[in-house]
Amino acid sequence: MKVYQEVIRYESAPLSARHYDRETTEPISFFLSSLEELLSWKPTHQDMFNTAVAPLAKRHPTLQSQRPRTLVCHDMKGGYVEDRFIQGSDASNPYVFYHWQHIDIFVYFSHRMFTLPPVCWTNAAHKNGVCVLGTFITEWGEGAKVCESFLAGEDSAYRAVADAMVRLAQVYKFDGWLVNIENLLSSVAASRVPLFLRYLTEQLHLHVPGGLVLWYDSVIHSGELKWQNELNDDNRQFFDACDGIFTNYNWQEGHLQRMAEDPRRADIYVGVDVFARGEVVGGKFDTVKSLEMIRRYGFSAALFAPGWVLECLEKEEFLENQHKFWSLLDSHLFTHSLCSLPVCSAFCIGCGKKKFSFGEGEDIGPWCNLSAQEVQPIFSEVTSEDPTGGWVRSRICQKDAWHGGSSLLIEGKLPADATGVSIRLFSLHTEAPKNLLLFLVYKLEATSNVAVALELGTRDAPSCNVESITGLSEQVDVRKLQHLSEAPAQFGDPQNNKHGWEQRFYAVELSGCFLTSLSVRLSHVAPDKQDETFVCRIGEIRVLDVSVPPSLPPQPSDISLSHLRWNRNSQTDQLFVSLTLHWTHPSGSARHFRIYCRGVTCLRAPASQAHLLGLAHACVYRVVDLAVPNPCPPAPGRLEFAIQPVSKDGLETLPLEWGHLVLEYVEQTHTEV
């Protein structure tokens, strides 16, 4: 265990204003405001906070398919609000997006020249297989000067800009750029825009796997700023030089008709302003009118500023309005399938009214950290077509959770003569391993005659049904399904009936199966002559490949600390410390890290209980204004930090396998120089 010995000093070297909040020293995401900032930018060790750690998950179909796509362009109050705080904030009504299974591309937009997506958005999107783009925008007279400076001269000028943009995407692990030039261009500069776009696209494809460059419908080939609201001969040369075009919003059906025969229709993202500004089709809760027309002609769609549901409606009703907005679009959205195991989710959307751990609330205050968002399900509503009137629907709820800040709420009606109702949670597209382990945490509210089951859909094989509560039905056609009487050793003791939550484990042996879906089915425990309404919370689901025994992540190594800052409250005499912890860990082997601290007054005092400081998603964590005890001379004060890696399967390592670091500190004496 490494031990650092420090003298308390109340003056410390200033931190980078770009990387840290000036008031709190919290690490923050940032943007670049000028061409000079871009060209002088160089990555440093402080960029670890801003580098996304979640790789882009595989999904089906891929972005290269010709199925019409859906792009979301996020524009919220100028950008970089609570989402700029990399380790999270206490925002009570943040905007979060979680309908990832229906979209292909997420663009983070602001009016800064080089808008770099906050790392939390990239982490959340990548977990769900969605690529993330930053925005390069120039505007008005100042933008015209910028464009002339790098487009009207030698090729080396625009190539230097493109190379720096590609390097930003490489270092921070986002996937490309939306290029938006909204100012006049000289004829020379306009003629060179396609060269810049083509070079940027080629270099991005070369250095960023799956990279993407899109052009916004703004200037035309002559250099005039003239929005076309379509792809035509005036802007086609820009489209031909990159991966697609994002059209302006003031189109009518005639614009779509003129583009209807284009062979690259999927690369035409027809813009929809959700705020419904200008002469537009649909918008707000009528956005479905726009989307229906776009899909009728086979185009992709670019939904601009769906944060309208938070900005313009009641903030306390955000989840309900978010659910309503996307439900109205559901029939014109396409679902993507997850292509790899494990599938693990506690359905946390990256914020909450409090934090939960194993069903118990940890904090009483609100929190937001999109990096903590987990793989999100498909939200849907199913109504029976027969006269029985059965129905079931799913949505996010923050009133109770197993882990994180939310659970998946499933509610509905089970008719007396119905065998059951099912609702799909995940679409899958992966070959089934020989041995699967399924884990389910659920809670039924105010009902005793409903059974909860997992339903595993397969191709070229019967459905594999996993019963809970009542055990396995002998009449279900399954393949060597075994209900475990006790939890596997790596999961520890089940915490059944803890605050009403139930846990179930299932081992499934398959052969020749291709997994296609994971659903929840609700049915009567016993025959019933009455309809049964139900409310069921799903706290966590895991689908694990255990064909090879799972391995726990290794112990963090090379633990160090830096950027210490001490301060003391003059009224209470309370001592505080801020510092940055660094460690080394194999890339991709941990879901996240839990950071703990245990502090004692001095070495001869009894040890205090370790408490959780927070979660780290990269191998770096900033401890901010931690209240610590004063040292008691002659012994120093002592803090012990522990770093616990959690595996992608959700398995937790024991304390012996955690990383540990000790900070010992003493007051500065008058004799020191």
Computed magnitude of the charge dipole of region 1-144 (debye, nearest 20; Cβ of K, R +1, Cβ of D, E -1): 700
In this structure, among K42/K315; K77/K226; K355/K529; K2/K354, pairs with alpha-carbon gaps over 31 Å are K42/K315; K355/K529; K2/K354
Could you let me know the centre-to-centre spacing of region 552-596 and region 1-67, using Cα atoms, in angstrom? 16
Which ³J(HN,Hα) values, rounded to whole Hz and listed in residue order, are derived for region 353-362 from phi using the Karplus coefficients 6.51, -1.76 and 1.60 in 6.51 cos²θ - 1.76 cosθ + 1.60 with θ = phi - 60°, glycine and proline given as x? 7, 7, 9, 10, 9, 6, x, 10, x, 8
Can you pull the percent of the chain's accessible area that's carbon plus sulfur, 1.4 Å probe, other chains left in place? 50
Highest first, please rank the peptides 570-576, 76-82 by the mean number of other Cβ atoms sitting within 10 Å of their residues. 76-82, 570-576
In Hz, Karplus ³J(HN,Hα) per residue of region 434-441 (6.51, -1.76, 1.60; θ = phi - 60°; x = Gly, Pro): 5, 10, 10, 10, 10, 10, 10, 10
With both bridge residues required to lie in the chain, what share of the DSSP beta bridges run antiparallel, to the nearest 5%? 75
Scattering profile of region 228-267 at q = 0.19, 0.20, 0.27 Å⁻¹ [log10 I(q)/I(0), Debye over alpha-carbon scatterers]: -0.51, -0.56, -1.04
Neighbourhood charge, 13 Å Cβ-Cβ cut-off, centred on V130 and excluding it, Lys, Arg +1 and Asp, Glu -1: +2
Of 294-307, 578-591, ordering from highest average Cβ density within 10 Å down gives 294-307, 578-591
What value, in deg cm²/dmol to 500, does the helix sum -39500 (n - 2.57) over DSSP H runs of n ≥ 4 give at 222 nm once divided by the residues of the chain? -4500 deg cm²/dmol
Note to self: with every protein chain in place and a 1.4 Å probe, the chain gives an accessible area per residue in Å² of 42
Quarter of the surface of the C-alpha convex hull for the chain, i.e. direction-averaged projected area in nm², equals 34.0
Could you sort out which of K399/K443; K353/K648; K58/K443 sit more than 20 Å apart by Cα distance in this structure? K353/K648; K58/K443
Just to be sure I understand the model, the point goes 7 Å from the Cα along the line to the Cβ. What's the resulting R296 to H111 distance in nm? 3.5
For region 187-328, what relative contact order do you get, as a whole percent, if you take Cα pairs closer than 8 Å and at least 6 residues apart? 17
Cut-off 20 Å (backbone N to label point 7 Å along Cα→Cβ of N569), residues of region 1-38: 9-11, 23-26
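The values are calculated or read from the model by the stated rules, or taken from the named source; none is laboratory data. Keep in mind that this is a model prediction, so the values were computed, not measured. Every residue, glycine as well, gets a Cβ built from its backbone with ideal geometry; the counts of neighbours run over all protein chains shown. All accessible areas refer to the heavy atoms of the entire protein, side chains included, with ligands and DNA or RNA removed. Shrake-Rupley method; radii C 1.70, N 1.55, O 1.52, S 1.80 Å.
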